[in-house]
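The values are calculated or read from the model by the stated rules, or taken from the named source; none is laboratory data. What you see is a predicted model; the values in this text were computed from it and never measured. FYI the Cβ positions are ideal-geometry reconstructions off the backbone, even for glycines, and counts take in every protein chain you see. Surface areas here come from the heavy atoms of the whole protein model, side chains and all, with no ligands, DNA or RNA. Shrake-Rupley method; radii C 1.70, N 1.55, O 1.52, S 1.80 Å.
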Amino acid sequence: TETKNKEYDAAKENFQRFLTLYPEHKLAGNAQYWLGELYYAQGDWERAILEFDKVVKKHPKAEKVPAALLKQGLSFEKLGAVKEAKVLLSDVIERFPKTPEADIAKKRLKEIK
């Protein structure tokens, strides 16, 4: 997994560089989302939450906003922050009702205790 971590780190650097150089690019929201996904894949839930939040706040019209909210909710769930997870998952359903992300959020909400 050391090789995998090096690949993740290189990818994170590339996404970060892109966001620094082109913060207003039409794909900046996607790049920001994938940066969050890399932290999520490595189990760094706190950092993933921060990166996904940037998608929502800095790129509110980005196509990845529903996915970013969903992954934020799942990250909070992984941290054991059930209340925050439920709020975010409900937000996905309310704001983006006809998306695959809303379907996933509904399933997770039923399973969270």
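Averaging Cα coordinates gives a centre for the range 10-32 and one for the range 61-98; these two points are 22 Å apart.
Applying a threshold of 22 Å to the alpha-carbon distances of Lys4/Lys64; Lys71/Lys98; Lys12/Lys64; Lys61/Lys113 flags Lys4/Lys64; Lys61/Lys113 as lying beyond it. The alpha carbon convex hull volume per residue for the chain rounds to 97 Å³. The order of the peptides 23-29, 75-81 by mean Cβ neighbours within 10 Å, most packed first, is 75-81, 23-29. Partner aspartates and glutamates whose Cα lies under 13 Å from the Cα of Lys86, excluding those fewer than 8 positions away in the same chain, are identified as Glu77, Glu94, Glu111.
Farthest towards the positive end of the charge dipole of the chain, among the residues Gly29, Ala41, Leu88, is the Cα of Leu88, using unit charges on the Cβ of Lys, Arg, Asp and Glu. Counting Lys and Arg as +1 and Asp and Glu as -1, what is the net charge of the other residues whose Cβ lies under 10 Å from the Cβ of His59? My count for the surroundings of His59 gives +4. Solvent-accessible area assigned to carbon and sulfur over the range 72-113 amounts to 57 percent, based on a 1.4 Å probe.
Other residues lying with their Cβ under 11 Å from the Cβ of Ser75 contribute a combined charge of -4, Lys and Arg counting +1, Asp and Glu -1.
Based on protein heavy atoms only, the range 17-113 ends up with 59 Å² per residue of surface accessible to a 1.4 Å probe.
In percent, rounded to a whole number, the relative contact order of the range 16-113 is 19, using alpha-carbon pairs under 8 Å and six or more apart. For the chain, the Cβ-based charge dipole about the Cα centre amounts to some 360 debye (Lys, Arg positive; Asp, Glu negative; other atoms uncharged).
Cross-link pairs exceeding 32 Å between alpha carbons, from the set Lys54/Lys110; Lys58/Lys106; Lys57/Lys107; Lys6/Lys107: Lys6/Lys107. One chain, two ends: Lys106 and Arg17. Fully extended at 0.36 nm per residue, the span grows by 28.5 nm beyond their Cα-Cα distance.
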